[in-house]
Amino acid sequence: MPRRTPRNALDRLRTPRGFHGFLKTASVCALIAGLLSPLSPAMAAGSGSAEVTDVKAAANDHCGGQCSDILPPGQNGNATLAQILLNQAFGTQPAHAEDQLGPYANLATGYQGLSNDKINDFFNDASFGVPDGQAASTVRPAGRDDVTIVRDKKTGVPHITGTTRYGTEFGAGYAAAQDRLWLMDLFRHVGRGQLTPFAGGAPSNQGLEQQFWRSAPYTEADLEAQIESAAAKAGERGELALADVDAYVAGVNAYIDASDKGRYFPGEYVLTGHKDAITNAGTIEHFKRSDLIALASVIGSLFGAGGGGEVTNALSLLAAQEKYGVAEGTEVWESFRQRNDPEAVLTQQDGSFPYLPTPDDPQGRALPEAGSVEAEPLVYDRTGSAGAASATGASTKAADAAVSSARRGMSNALVVSGEHTASGHPVAVFGPQTGYFAPQLLMLQEIQGPGISARGASFAGLSMYVELGRGQDYAWSATTSGQDIIDTYAVELCQDDYHYLYRGTCTPMEKVERHNAWKPTVADSTAAGSYTMRVWRTKYGPVESRATVDGKKVAYTTLRSSYLHEADSIIGFQMLNDPDYLNSPERFQEAVQHINYTFNWFYADSEHTAYYNSGDNPVRADGVDAEFPVWARPAYEWRGWDPADNTARYTGASAHPQSVDQDYYVSWNNKQAKDYPAASWGNGSVHRGNLLDDRVKKLVADGGVTRTALVKAMAEAALADLRAEDVLPDLLKVVESAPVTDPAAKSAVDGLKAWLSEGGGLRTETSAGSRKYAHADAIRTLDAWWPLLVKAEFEPGLGTDLYTAFTRNLPVDESPSAAHGPTGAHAGSAFQYGWWSYVDKDIRAVLGESVKGPLAHTYCGDGDLAACRDTLVSTLKEAAGRTAAQVYPGDDSCSAGDQWCADSVIHRTLGGIKHGGIGWQNRPTYQQVVEFTSHR
C-alpha cells in the first residue's frame, strides 16, 4: 500500500476522512439537496438581480489589450451541498470552479510555441470591463442602486462598479462572499485559534490552529483595537479605510443573509453541522471588523513576516564552536550562514543598503547552555480524542511543519525596462506564489468606483482593495522578501516560571487561553474531544521556549514588528488602488512604504519600472546581532520601543532597497541587495533566482524583449531543475576527472549528460499529457543522488552533530517531490531551500576554481580531488541503483514509482470540491503579463 505523505498543516486542512463514507448515500442526498438548493451561488441573484448588462472596456484602460492574468483553479470557490456531492461522486465541477486550471497547466507544454496572439490561450484577458455580449449575470447586491456586480461568461470574475464609495465596497464584500464565503469563515476561525470547534477535531486541524494561534495569540480586544489604531494613525485615509471596511463587512453579511434565505450557501456548512439540509436550521455567523484582523494575521504570518529562528541559530553556532573551538567555529558558522555572499544573485543590482551588519563585538547575546532548551507547551487538559497518542503526535507534527510553511519564500517577478523592449514600453511577468488550494486563497476582481480603479487578486476576506494587480495605466506585484523583523529575547525569570524581570521589576506574564471542544460531523468523524491552548505573553512577545543562560532560568520570547499591527498595511493597499494618487513610480514607492509586512514590490507603467522593499525594520541597539537571542534589557531593546503598542523606530525609507528604471529586475525570494541580508539561510552562489536572472540577462543583452519572450523565460525557468542547471555540470567534472569504468556509474553519468545536453536539465513531459518525463532515469538518479551526496560530502568533515544542526537551519533538498522539504509534496514551489550553494562552492574549491565567499573548509574528500571523486562515484552508484518506487514511494495521491505524479501540483482541498493534479511547474499561483501602451 502506498504510504501517506506527511504534509504541512495548511496542506492537511482538507475534506476529512469521514466525508467519503457518507458518499455511499450520495445519490439520495443529492436529489434532496438539489431540490432544496436549485441555484448555484454564482447564479443565484435573488432580489438583487438586474438585467444583464455589459461593462464595456473603460476609456481609462491604457493597456491596449496587453494585460493578462491567471489564477487557478477557478473564480468560483463556493459550492452548494448538491454540487459538493456531485463533485465527490462523479467529478462534476460547479461553473467556473476550475476553468482556469487547464490554461494554467497547458503553458508547461505550450510555451515553446508561444506568440503574442496566443498569450491569452494560457492567460485571461485582464482588460477593464466586460466585452459586448460577454456578461453572464448582473446583480445589484441587496437591491442597492449604487453598485452592480457583473460577471463575465468566460471566467466568472466579478466586475464591481459603484457610484458611491460605500456602495463600491459593499459590492466588493458581497462578491467576495459569493466566491469564498466558506474559506473566509474557515480562516477567521484559524486566526482566532478556534478551527476545531468550527471544522472538526482532526489532528491536522488541531495542528493548524495551534501553530497560527501560537504566533498571534490575540484576545478579542486585541483584534478590535488593531483596525481602529491603524485608522487613527492615518488621518483622512484612515477614516476612509475604516468606512471601507464597514461597507465591505456589510456586503459580506448581506450575502450571508441572501444565501441563507435562498438556501444556496456553501454546502460545507451542512457537512460540518452548522446548517440543516432539510429544515435550514442553524446559523452562519455574520462577519465583523475583528474577523478581518484574524484573517490578516494568518496571511501576514504565512507570507509577510521574515525572521525568527534565533534559538536554532544559537544551537548550530554552539555546535560549531564545540567542534572547532570558539574562533574557528564562529568562522565556520558564518561561512554557512552566508549573510552577504558576494556570489549571491541580487534584485537591486547596484548600491549598498546596510541592514543588520555583523558586529565586531556582539553585545547582549543570550546563548543557551547545552541541552537546556525546551519548547514551551501549548496544549493542556486534553480529553477524548485529543488525548489519544496518535492525535497528540499528529497535531504536533502538523504544527511543527507549519513553522517552516509559514516561513517559506514565495513568488517571482521578471520586469524589463522599455529601453530593452521591442515596443519601447516596459514589460512585466510577475505574481505571488501562494500555494495551490481549493478554493484558492486569492480571488480575482475588478473594482471601479470613487477613488478606486483596479483589477487583480486579493486574499479572500481582505478584498476591499485589489492587493496585486493593475490600475488604469500601471501594474504592480510582490514577492516575499523575508528580511528580519522578528527578534528573540531572553527574559530572566523571577519568583516562579510565570514571572519575569521587566526593566528591573518582577512582572507577571499574561495568560491567554483558548478552550476548544469538538464532536463528530459528516465532514469529520473524529470522536469528541477537547483541549486548552495556553500562551504566556510578555511585553517582549509570547514565550516560545525556555532555557538556562549563564546559570539563569530564562524564557525565550519572540517579538515581531508587525505584532499588534496586522491592519496597518491597509493604507498602502488603499493608495495602490487610488488612480488620483498613484500616477508615477515615485508615488508607487511611497504607497508601499505604508505596508509593514516584508515584501519586494515591483511596478511597471508605459514609461517606467520601479522596485521597493517594504517592511517595518526595527532599529536595533548598537552591537546587537539579530541572528541570536539577546537579553531582554533596555540596552538591547529596539530603539524607541514602546511595549504598550509595540511600536519602535524603524529604518527610514532610503535605507530600504529601491530603484527606478533599472535595466531589469528579477526576484524569486533571493537576496534583495548588497549588505541587506535575509533572515532565512540559503542566499549563496546558487539560488533559484539564478534561473530567472540568467535568462532575463540574456534577453536584455539581445534586446527587443517582448511579452512573449519574457513569458517563455519564466515558463522555462518554471520547469528547470536548479541542481541540474547550476551544480550538476561541476559534479560531473569531478566524476569524470578520471575515467569512469564502473558500468553502473558510467550509465548514470551518460544519462545525466544526455539530460543536460538534450533536455537542458528541464523536467518536461515526453509529449503533452503523457504523464512521463523525458530523461526520466536521469531525473530519478539526481533526485536520489542529491541527499546522498550532500551527506557523504559534508558529514564526515562537520561531524554528525554539527551537520544535523546545520540541516535544521537549512534543509538539504527541496525537489518537486521532496515531501520532507519546507513546502511539502505537490506544492509546486521548489528549489527555494537546499544545500546547492554549499555543494557548488565546495566542489569548485576541490576543482581549484576561484570561489568568492568560500566555505571555511573544503569538505568533499577533505579537499582531495581523487577522494572527492570516490565519494561522488560511490553515492552516484547507490542512487542509480534505487528503483523509482524507492525514490518516489507514493502517497495518498500517487502510486509508488509514479515519478510524474510525485512531482505533480495538487490543489489542497479547503472545502468540498476537488480538482485533478496537473504537471509540475515552479511559478506564481496568480500571475500577470503586462505591457502598457500609453499613460495618463
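Shape class for segment 511-553, computed from the alpha carbon gyration tensor (a ≥ b ≥ c): prolate, with a/c not under 1.5 and a/b above b/c.
From the alpha carbon centroid of segment 856-870 to that of segment 406-456 is 45 Å.
What does the charge count near Ser562 come to, summing +1 for each Lys or Arg and -1 for each Asp or Glu among other residues with Cβ under 10 Å from its Cβ?
Residues near Ser562 contribute -2 overall.
Measuring between alpha carbons in the structure, the pairs from Lys275/Lys914; Lys698/Lys791; Lys153/Lys914; Lys746/Lys791; Lys233/Lys671; Lys118/Lys753 lying more than 26 angstrom apart are Lys698/Lys791; Lys233/Lys671; Lys118/Lys753. Distance from the Cα centre of segment 210-266 to that of segment 637-654, in angstrom? Using only Cα atoms, the two centres lie 26 Å from each other.
Using C-alpha pairs under 8 Å with a sequence gap of at least 6, the mean separation divided by the residue count of segment 720-909 gives a relative contact order of 26 percent. Here segment 430-579 is described by how far its Cα atoms reach on the three principal axes: 61, 46, 27 Å, from widest to narrowest. By the Cα gyration tensor, segment 720-909 has an equivalent ellipsoid whose semi-axes, rounded to whole angstrom, run 27, 20, 14 from largest to smallest. Rounded to the nearest whole Hz, the Karplus-based 3J(HN,Hα) values (6.51 cos²θ - 1.76 cosθ + 1.60, θ = phi - 60°) of segment 554-571 follow the sequence 9, 10, 8, 10, 10, 10, 10, 5, 8, 5, 6, 9, 5, 9, 4, 6, 4, 5, with x at glycine and proline. Whole-Hz Karplus values for segment 509-520 come out as 6, 8, 8, 10, 10, 10, 9, 10, 9, 9, 9, x Hz, taken residue by residue from phi with 6.51 cos²θ - 1.76 cosθ + 1.60 and θ = phi - 60°; glycine and proline positions read x.
Ordering 360-368, 479-487, 275-283 by mean Cβ neighbour count within 10 Å, with the highest value first, yields 479-487, 360-368, 275-283.
For Ala258, neighbours were defined as the other residues whose beta-carbon sits under 15 Å from its Cβ, and their charges (Lys and Arg +1, Asp and Glu -1) total +2. With the helix formula -39500 (n - 2.57) applied to DSSP H stretches of n ≥ 4, the chain reaches a computed 222 nm mean residue ellipticity of -11000 deg cm²/dmol. Tell me the label only: which of [x] 79, 70, 59; [y] 122, 77, 51; [z] 78, 77, 62 is Cα extents along the principal axes in Å as calculated from this structure? The value computed from this structure is option [x].
Within 11 Å, Cβ to Cβ, of Gly167, how many net charges do the neighbouring residues add up to if Lys/Arg are +1 and Asp/Glu are -1? After counting each charged neighbour, the total is 0.
Under the shape rule built on the C-alpha gyration tensor, where the axes satisfy a ≥ b ≥ c, segment 848-926 is oblate, since a/c reaches at least 1.5 while a/b does not exceed b/c. For Ser545, the residues 5 or more places off, or on other chains, whose built amide H falls under 5 Å of its own are Glu376, Tyr556. Does segment 286-373 come out rounded, prolate or oblate, given a ≥ b ≥ c as the square roots of the eigenvalues of its C-alpha gyration tensor, rounded meaning a/c under 1.5 and, failing that, prolate meaning a/b above b/c? The shape class here is oblate. The lysines whose alpha-carbon is closer than 29 Å to the alpha-carbon of Lys553, local same-chain residues fewer than 8 away aside, are Lys323, Lys397, Lys511, Lys539.
Its relative contact order, with pairs defined as Cα atoms under 8 Å and 6+ residues apart, puts the chain at 19 percent. Report the normalised scattering of segment 476-521 as log10 I(q)/I(0) at q = 0.19, 0.21 Å⁻¹, calculated by the Debye formula with identical scatterers on the alpha carbons. Log10 of I(q)/I(0), two decimals: -0.76, -0.81. Under the convention that each Lys and Arg Cβ holds +1 and each Asp and Glu Cβ holds -1, the size of the dipole of the chain around its Cα centre is about 2220 debye.
Since every read-out is calculated from the coordinates, none of them should be taken as a lab result. If you're wondering where the values come from, they're calculated on a predicted model, not measured in any experiment. Quick reminder, even Gly has a Cβ in these numbers, built from the backbone with ideal geometry, and neighbours come from all protein chains shown.
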